[in-house]
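Step one of this worksheet: look at the structure below.
The values are calculated or read from the model by the stated rules, or taken from the named source; none is laboratory data. Treat the numbers as computed from the prediction; the structure is a model and nothing was measured. Don't worry about glycine lacking a Cβ; one is built from the backbone with ideal geometry, like all the others, and counts go over all protein chains shown. Quick note on the areas: whole protein, heavy atoms, side chains included, nothing else; ligands and nucleic acids left out. Shrake-Rupley method; radii C 1.70, N 1.55, O 1.52, S 1.80 Å.
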Amino acid sequence: MAERDQELRQAAAEEIDKYKEEVASDPYRLLFHHMPPVGLLNDPNGFIQWKGTYHLFYQWMPFDTGHGAKFWGHYTSKDFVNWVHEDIALTPSDWYDKNGVYSGSAVSHNDRLYLFYTGNVKDEEGNREAYQCLAVSDDGVNFEKQGVIAELPEGYTAHFRDPKVWKNGNYWYMVIGAQSKDLQGKAVLFQSENLYDWKHLGPVTGSLENNLGEFGYMWECPDIFQLEDQDILMVSPQGLEEEGMNYANTYQSGYFAGKLNYEQPHLEHGPFRELDRGFEFYAPQTTLDEQGRRILIGWMGVPDQYEQAHPTVEKQWVHCMTLPRELSWNGKQIIQQPVNELKDMRGPALIHSSITIENDQKAVRGIGGRATELNLEFDRIENQFAVELFQYAAISYKDGILTLSRPHLEDREKTEFRRVKLPEGLRNLHLFIDQSSLEIFVNNGEEVFTSRIFPQPEEEDILFTSLGESSFSIEQWKLSGFKLS
Ligand code: FRU
């Protein structure tokens, strides 16, 4: 519906305009992470390099800092540092997506860009319908909706969404996040020869499949891809119980590695492993770029996890994306590293090659700031070591366990913790700090902690604490941020 589409675009533009100054005045706005211009941002969508340009779409609610009838916002870049904020890609303007152009993915075919997404529909009583939909573009900025291309198969509730499409051999495949009628989360496979006609093949795995036992009541945002000799299913299950240091957030994101049999269909896989250990990480999506790199971007947020307690809500916006990370397989697990291009944001390096701290807390000359990359390499940690950021968050290591702590976002009197065990100890911490975000790559990408942080805006101090003796080196770069147009 062209008219409704125009109305919605106009209303969103007015909303941006109305809150422009208020949003811009927020000291928690980030310098090198994707944010909404106003309102709420969630999942990365349609992530692809197409004709040389990276396209990153995002779930966007322009009219509120809560969830609702989502649009697809759109950023593009040739190098992950210079970004263009493009016109809105898709609005919830049609009968089959009127309550949200929900998450999905992109592929390139015959020179055209194809976007697959879920049309979310709710009636007056709140009953939900889900349609898998297609939109196509010749120029990468104007998209023509093609309507519904796959309906709900038997055996599933209307929680059936987030199509991720890829090609294998002569066929296109689509994996969808689903809930079966008996309320178990599943990843469901479809097949097509032409991107328009889709055949339902069945679940590749899920809760109560593959000896998994109960493993969540809904699986969101699945993504299937190959990494070396492994078939990876990345997925965001909902309904996992906290278990030791695992599954500490409201909802999880992680992966299974194994072998996918497309005919059956069936993924023979090992255990689920979380991709990130921080407070805010969800709904990651990957793409294979023209250099053959598998790159991941996630949402730096978690649904239903005190989203309204983020202080940015007062300034009419909430959430951002993670940095793009390159994935590799080390024979046992996925390794995540910030993409190389981010080095182009670096100012001159400040290097301290041998620092020793013994039973003391110290600042290190020149180390600090709120748009900073820090790399710490450890020679020795005798007992306990900690980095304290801006009198707010702390990363500490003791007895093989790395802990991130920060004040509870809802109850600032309390401290909350996220932990991971490092079987081979702590060798390296690589931090990206951006005003109100923190991404920590541990042991060259074996683990990552991604979190929002809300210290006093003027706080810039970083302190290092050691119980017993710790010796390490530090490299620091002040980061210039994205160039946005
Ligand atoms: C995940 C999710 C998706 C859905 C989208 C709606 O965060 O719930 O399953 O498509 O967000 O914005």
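Across region 238-283, the qualifying residues are those that are hydrophobic (A, V, I, L, M, F, W, C) and in a strand (DSSP E or B), and the one among them that is nearest to residue 166 (Cα to Cα) is 260.
A single member of 246, 210, 261 is more than 15 Å from the chain's Cα centre (by Cα), within 29 Å of residue 417 (Cβ to Cβ) and surrounded by fewer than 23 Cβ atoms within 10 Å (Cβ to Cβ), and it is 246. Within region 315-341, the residues that satisfy the criterion of being farther than 17 Å from residue 41 by Cβ, touching a Leu at 6+ places or on another chain (Cβ under 8 Å) and either buried (at least 21 other Cβ atoms within 10 Å of the Cβ) or among the basic types (Lys, Arg) (or both) are 325, 327, 334, 336. For region 185-211, the tally of residues that are out of contact with any His (no Cβ under 9 Å at 6 or more places or on another chain) and modelled with pLDDT under 95 stands at 1. Would you confirm, using the coordinates I've provided, whether residue 61 is open to solvent by less than 30 Å² (accessible area, probe 1.4 Å), farther than 20 Å from residue 296 by Cβ and in contact with a strand residue (DSSP E or B) (Cβ under 8 Å, 6 or more places away or on another chain)? So residue 61 passes the test. Scanning region 107-121 for residues that are surrounded by fewer than 22 Cβ atoms within 10 Å (Cβ to Cβ) and under 16 Å from residue 152 (Cβ atoms) yields one hit, 121. When 68, 46, 104 are checked against the criterion of being within 15 Å of the ligand (Cβ to nearest atom), open to solvent by 10 Å² or more (accessible area, probe 1.4 Å) and either of a type outside the set (A, V, I, L, M, F, W, C) or modelled with pLDDT under 95 (or both), 68 stands alone in meeting it.
The residues on offer are 388, 447, 424, 416, and the sole one that is in contact (Cβ under 8 Å) with a residue 40 or more places away in the chain, among the acidic types (Asp, Glu) and farther than 14 Å from residue 278 by Cα is 388.
Listed here are the residues, each with its yes/no results for (1) in a loop (DSSP other than H, G, I, E, B); (2) within 15 Å of the ligand (Cβ to nearest atom); (3) not charged (D, E, K, R).
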| site | (1), (2), (3) |
| --- | --- |
| 134 | no, no, yes |
| 140 | yes, no, yes |
| 148 | no, no, yes |
| 157 | no, yes, yes |
| 162 | no, yes, no |
| 165 | no, yes, yes |
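Taken over region 263-322, residues that are at positive phi and free of Cβ contacts under 8 Å to residues at least 40 places away in the same chain amount to 1. Note on region 464-485: residues that are surrounded by fewer than 17 Cβ atoms within 10 Å (Cβ to Cβ) and hydrophobic (A, V, I, L, M, F, W, C) total 1.
Within region 222-242, is even one residue closer than 26 Å to residue 328 by Cβ, open to solvent by 20 Å² or more (accessible area, probe 1.4 Å) and among the acidic types (Asp, Glu)? Yes: one or more hits.
Scanning region 131-153 for residues that are among the hydrophobic types (A, V, I, L, M, F, W, C), under 18 Å from residue 71 (Cβ atoms) and open to solvent by 10 Å² or more (accessible area, probe 1.4 Å) yields a total of 2. One residue stands out in region 172-193 among those that are in contact with a Lys or Arg (Cβ under 8 Å, 6 or more places away or on another chain) and within 18 Å of residue 226 (Cβ to Cβ): the one that is surrounded by the fewest Cβ atoms within 10 Å (Cβ to Cβ), namely 191. When 286, 312 are checked against the criterion of being buried (at least 19 other Cβ atoms within 10 Å of the Cβ), under 21 Å from the mean Cα position of the chain (by Cα) and part of a strand (DSSP E or B), 286 stands alone in meeting it.
Where residues in region 351-398 are among the hydrophobic types (A, V, I, L, M, F, W, C), open to solvent by 10 Å² or more (accessible area, probe 1.4 Å) and assigned to a strand (DSSP E or B), which of them is nearest to residue 437 (Cα to Cα)? Going through the qualifying residues, I end up with 371. One residue alone among 235, 302, 204 is within 16 Å of the ligand (Cβ to nearest atom) and outside any loop (DSSP other than H, G, I, E, B), and that residue is 235.
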